[in-house]
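The values are calculated or read from the model by the stated rules, or taken from the named source; none is laboratory data. All values reported here derive from a predicted model rather than from experimental measurement. Note that each Cβ is placed from the backbone with ideal geometry, even for glycine, and that neighbours are counted across all protein chains shown. Remember, those area values only see protein heavy atoms, side chains included, never the ligands or the DNA or RNA. Shrake-Rupley method; radii C 1.70, N 1.55, O 1.52, S 1.80 Å.
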Amino acid sequence: MDKMKVTYEAMLGLAAEFVLDDAVLKFQTNQIYTAIDKALAAGDEDTFYRLAKQLNELKK
(Lines give C-alpha, C1' and ligand atoms only; values in the text may rest on other atoms or scores of the structure.)
Protein backbone atom coordinates (compact mmCIF):
# COMPACT_ATOMS: atom_id res chain seq x y z
CA MET A 1 0.00 0.00 0.00
CA ASP A 2 2.82 2.44 0.82
CA LYS A 3 4.51 1.73 -2.50
CA MET A 4 1.24 2.52 -4.28
CA LYS A 5 0.94 5.81 -2.37
CA VAL A 6 4.52 6.82 -3.25
CA THR A 7 3.90 5.99 -6.91
CA TYR A 8 0.63 7.94 -6.90
CA GLU A 9 2.29 10.97 -5.29
CA ALA A 10 5.12 10.83 -7.82
CA MET A 11 2.63 10.75 -10.68
CA LEU A 12 0.71 13.69 -9.20
CA GLY A 13 3.98 15.59 -8.87
CA LEU A 14 4.80 14.96 -12.52
CA ALA A 15 1.34 16.03 -13.62
CA ALA A 16 1.62 19.23 -11.58
CA GLU A 17 5.03 19.93 -13.09
CA PHE A 18 3.66 19.53 -16.61
CA VAL A 19 0.77 21.89 -15.86
CA LEU A 20 3.10 24.47 -14.35
CA ASP A 21 5.60 24.22 -17.21
CA ASP A 22 2.78 24.68 -19.73
CA ALA A 23 1.41 27.70 -17.87
CA VAL A 24 4.85 29.33 -17.71
CA LEU A 25 5.44 28.66 -21.40
CA LYS A 26 2.08 30.20 -22.34
CA PHE A 27 2.76 33.24 -20.14
CA GLN A 28 6.22 33.80 -21.60
CA THR A 29 4.92 33.32 -25.13
CA ASN A 30 2.14 35.86 -24.59
CA GLN A 31 4.62 38.35 -23.10
CA ILE A 32 6.90 38.01 -26.11
CA TYR A 33 4.01 38.37 -28.57
CA THR A 34 2.94 41.57 -26.79
CA ALA A 35 6.49 42.92 -26.93
CA ILE A 36 6.75 41.96 -30.62
CA ASP A 37 3.55 43.87 -31.34
CA LYS A 38 4.97 46.94 -29.59
CA ALA A 39 8.26 46.64 -31.48
CA LEU A 40 6.42 46.40 -34.79
CA ALA A 41 4.25 49.41 -33.95
CA ALA A 42 7.36 51.39 -33.04
CA GLY A 43 9.28 50.21 -36.11
CA ASP A 44 12.01 48.78 -33.88
CA GLU A 45 13.52 46.15 -36.14
CA ASP A 46 16.34 45.10 -33.79
CA THR A 47 13.97 44.43 -30.90
CA PHE A 48 11.60 42.58 -33.21
CA TYR A 49 14.34 40.21 -34.39
CA ARG A 50 15.64 39.68 -30.85
CA LEU A 51 12.15 38.83 -29.61
CA ALA A 52 11.41 36.61 -32.61
CA LYS A 53 14.58 34.67 -31.81
CA GLN A 54 13.49 34.30 -28.17
CA LEU A 55 10.08 33.08 -29.32
CA ASN A 56 11.67 30.48 -31.59
CA GLU A 57 13.86 29.27 -28.72
CA LEU A 58 10.82 28.85 -26.49
CA LYS A 59 9.05 26.73 -29.07
CA LYS A 60 11.90 24.20 -29.34
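Here are some notes:
- Of all residues in the range 42-60 being within 20 Å of Leu25 (Cα to Cα) and not in a helix (DSSP H, G or I), the one that is most open to solvent (accessible area, probe 1.4 Å): Lys60
- Residues of the range 21-41 that are over 15 Å from Leu58 (Cα atoms) and either touching a residue at least 40 places away in the same chain (Cβ under 8 Å) or open to solvent by 80 Å² or more (accessible area, probe 1.4 Å) (or both): Asp37, Lys38, Leu40, Ala41.
- Residue-level check: of (1) surrounded by fewer than 10 Cβ atoms within 10 Å (Cβ to Cβ); (2) in a helix (DSSP H, G or I), Thr7 misses just (1).
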